[in-house]
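Here the structure comes first, spelled out in structure tokens, and everything after it is commentary.
The values are calculated or read from the model by the stated rules, or taken from the named source; none is laboratory data. Keep in mind the model is a prediction, meaning the values are calculated, not measured. So basically every Cβ, Gly included, is an ideal-geometry build from the backbone, and we count neighbours across all protein chains shown. With ligands, DNA and RNA removed, areas are computed over all heavy atoms of the protein, side chains included. Shrake-Rupley method; radii C 1.70, N 1.55, O 1.52, S 1.80 Å.
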Amino acid sequence: QVELVEYGGGLVQAGGSLRLSCRTSGGTFSRYGMSWFRQAPGKEREFVAHISLSGNPLYSDSVKGRFTISSNNVQNTMWLQMTSLQPEDTAVYYCASRKAWGNYYLTKLYDLWGQGTQVTVSG
């Protein structure tokens with residue numbers, strides 16, 4: 001059984017940094033790529049960043065220049081380095097495995113999700 005296991009959330013002050021990890025247990029990275037999403041209280045889950053199997057990154061406008069997505073296909077691990085964090089970045093962050101081609105920011109294109117990790121940024 002393939003699972004996505006996330007690590008690294010926590011509480012940080014505004015302007016600080018955190019690094020999230022996502023390990024694929026029992027399988028390998030999807031050939032369609034992997035992504036990070038986040039969901040704040042009362043809001044819909046939103047796209048944060050995507051990385052293709054070849055390592056090409058894509059970011060939402062809200063995190064571009066502050067967050068960096070990376071991966072190691074041999075270790076089946078993906079990371080999200082978050083810098084210059086702001087209170088509006090507070091959310092539960094999820095890693096996800098994509099199941100088909102299409103718009104990478106659509107949650108319906110992902111069939112495997114991690115359990116989520118809380119990131120809280122205090123102002």
* **When residues of the stretch 46-69 are limited to those that are open to solvent by 40 Å² or more (accessible area, probe 1.4 Å) and small (Gly, Ala, Ser), the one modelled with the lowest pLDDT** => Ser54
* Asked: Has the stretch 35-42 got at least one residue that is among the aliphatic types (A, V, I, L, M), closer than 20 Å to Val12 by Cβ and assigned to a strand (DSSP E or B)?
  -> no
* Output the residues belonging to the stretch 79-106 that are at pLDDT 95 or above and open to solvent by 60 Å² or more (accessible area, probe 1.4 Å). => Gln81, Gln86, Glu88
* Structure fact -> Going through (1) over 26 Å from Leu11 (Cα atoms); (2) open to solvent by 30 Å² or more (accessible area, probe 1.4 Å); (3) of a type in the set (A, V, I, L, M) one by one, Leu109 fails only at (2)
* Structure fact -> All-but-one check, Lys43 against (1) open to solvent by 80 Å² or more (accessible area, probe 1.4 Å); (2) touching a residue at least 60 places away in the same chain (Cβ under 8 Å), failing number (2)
* Those residues that are more than 17 Å from Thr77 (Cβ to Cβ), within 17 Å of the chain's Cα centre (by Cα) and surrounded by fewer than 16 Cβ atoms within 10 Å (Cβ to Cβ), I need them from the stretch 12-40; list them, please. => Ser17, Gln39, Ala40
* Asked: Is the stretch 16-24 home to any residue that is within 18 Å of Thr117 (Cβ to Cβ), touching a strand residue (DSSP E or B) at 6+ places or on another chain (Cβ under 7 Å) and free of Cβ contacts under 8 Å to residues at least 60 places away in the same chain?
  -> yes
